[in-house]
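The values are calculated or read from the model by the stated rules, or taken from the named source; none is laboratory data. All figures in this text were calculated on a predicted structure; none of them were measured in a lab. Because the Cβ atoms are built from the backbone with ideal geometry, glycine has one as well, and the counts that use them run over all protein chains shown.
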Amino acid sequence: MKKILCLLFVFSSLGVFSQKMVTVDYNTASLREVLLDLESKTDLTFSFAENAIADKFITFTSSGLNETELLSELTAQTGLIFEKVSESQVIVSVPSTKMDVCGYLFDSDTSTPLPYATVVLAGTTNGTITDGNGFFQIQDVEQSQSQRKEYVEFANKTLKVSDYVTDDCKNIIMLPETQSLEEVVVLAYLTTGIDKNTDGSFTLNNAKQGILPGLVEPDVFQSIQLIPGITSLDESAAGIQIRGGSPDQNLIFLDGIKMYNTGHFFGMISAFNPYVTESAKIY
């Protein structure tokens, strides 16, 4: 007769975790006092920087809170981070205010992206440039800062960083801007007494005109040959060519009177006395 021996092995693993229930009663108590009191009532040890817990006060009463509930209540009232790094060690820190921001820049009229636009943090030189799709991203930015978007022919736009977080890259619409520039008059063009006007013409004032290179006196017809587009193939005083035209195509007025002969001695001598001419205007 065979005997069968049955052995029953029962393995049991039981982890028992328990936290002390704490009774607290704080009425506008400083956070430092609260942490010292909790260290005496629990097995917790708090590590913190003095400036992190300054001006923080706690007010709550409870007859039965465990350690986890206590830390949650402290976080809710102070806004600080209470990180439990071991069974007894708790590190108190200020939450980071930095964040990553991103977005897409678009033209409000055509809805097309704006590539190579400048995006900078207001008051700083830190920033980036949008890519070919109008996308930009800046990392580790303070939430309290603002961003300034700049693009040629579009109005600059300043936005709060907190409105454009990385998790939600929003479309930013840029409005076209028309700018009217003031008139610009170039004075002393080539030399004193030659001014370039806004209508494209040149004014020569003999009384103020300086001596140009190669000249011995401020002669009008010799001086205008240094202006772009005006030449004289034979270097004569009267045989000037304007934009490829011939000398007979030039229209010349003297005090409103049309002049048909502007030179003597085969054009080598000008018909206009440079010491009598007050000014000349060339179109």
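Out of THR191, THR203, THR178, THR128, I need the residue that is modelled with pLDDT of 75 or more and loosely packed, with under 11 Cβ neighbours inside 10 Å. Which one?
On the way: THR191 fails: loosely packed, with under 11 Cβ neighbours inside 10 Å; THR203 fails: loosely packed, with under 11 Cβ neighbours inside 10 Å; THR128 fails: loosely packed, with under 11 Cβ neighbours inside 10 Å.
The conditions single out THR178.
Condition first: without any contact (Cβ under 8 Å) to a residue 40 or more places away in the chain and within 19 Å of SER270 (Cα to Cα). Can you find one or more residues in region 201-209 that meet it? Please lay out each step first, then the result.
Here is the first cut: in region 201-209, the residues without any contact (Cβ under 8 Å) to a residue 40 or more places away in the chain are 208-209.
So of that shortlist, the ones also within 19 Å of SER270 (Cα to Cα) come out as 209.
Among the residues of region 201-209, at least one is without any contact (Cβ under 8 Å) to a residue 40 or more places away in the chain and within 19 Å of SER270 (Cα to Cα), which makes the answer yes.
Check whether at least one residue in region 67-78 is among the polar types (S, T, N, Q), farther than 17 Å from GLU33 by Cα and not in a loop (DSSP other than H, G, I, E, B), and report yes or no.
Step one: list which residues in region 67-78 are among the polar types (S, T, N, Q), which gives 68, 72, 75, 77-78.
Next, from what is left, pick out any that are farther than 17 Å from GLU33 by Cα: 68, 72.
Checking which are not in a loop (DSSP other than H, G, I, E, B) leaves us with 68, 72.
Yes, the conditions are met somewhere in region 67-78.
Return the total of residues in region 80-111 being touching a residue at least 12 places away in the same chain (Cβ under 8 Å), over 30 Å from THR45 (Cβ atoms) and either among the hydroxyl-bearing types (Ser, Thr, Tyr) or assigned to a strand (DSSP E or B) (or both).
The number of residues fulfilling the criteria is 10.
Would you pick out the residues in region 226-258 that are in contact with a Leu (Cβ under 9 Å, 6 or more places away or on another chain), outside any loop (DSSP other than H, G, I, E, B) and surrounded by 10 or more Cβ atoms within 10 Å (Cβ to Cβ)?
Those that are in contact with a Leu (Cβ under 9 Å, 6 or more places away or on another chain), outside any loop (DSSP other than H, G, I, E, B) and surrounded by 10 or more Cβ atoms within 10 Å (Cβ to Cβ): LEU226, GLN241.
In region 72-117, what count of residues is obtained for those that are surrounded by 11 or more Cβ atoms within 10 Å (Cβ to Cβ) and under 30 Å from ALA29 (Cβ atoms)?
Final tally of qualifying residues: 19.
Any residue at all in region 73-94 that's more than 30 Å from LYS20 (Cα to Cα) and either modelled with pLDDT of 85 or more or charged (D, E, K, R) (or both)? So that I can check it myself, show each step before the final result.
Of the residues in region 73-94, the ones more than 30 Å from LYS20 (Cα to Cα) are none.
No, the conditions are met nowhere in region 73-94.
Is it fair to say SER223 is at pLDDT below 80 and either within 30 Å of ALA117 (Cβ to Cβ) or not in a loop (DSSP other than H, G, I, E, B) (or both)?
On the way: at pLDDT below 80: yes; either within 30 Å of ALA117 (Cβ to Cβ) or not in a loop (DSSP other than H, G, I, E, B) (or both): yes.
Judged against the criteria, SER223 is a match.
Out of everything in region 224-276 that is in contact (Cβ under 8 Å) with a residue 24 or more places away in the chain and of a type in the set (Ser, Thr, Tyr), what residue ends up being nearest to ILE211 (Cα to Cα)?
Among those that are in contact (Cβ under 8 Å) with a residue 24 or more places away in the chain and of a type in the set (Ser, Thr, Tyr), it is TYR275.
For residues that are surrounded by fewer than 18 Cβ atoms within 10 Å (Cβ to Cβ), assigned to a helix (DSSP H, G or I) and in contact (Cβ under 8 Å) with a residue 12 or more places away in the chain, tally how many sit in region 22-36.
Going through region 22-36 one residue at a time, the tally reaches 1.
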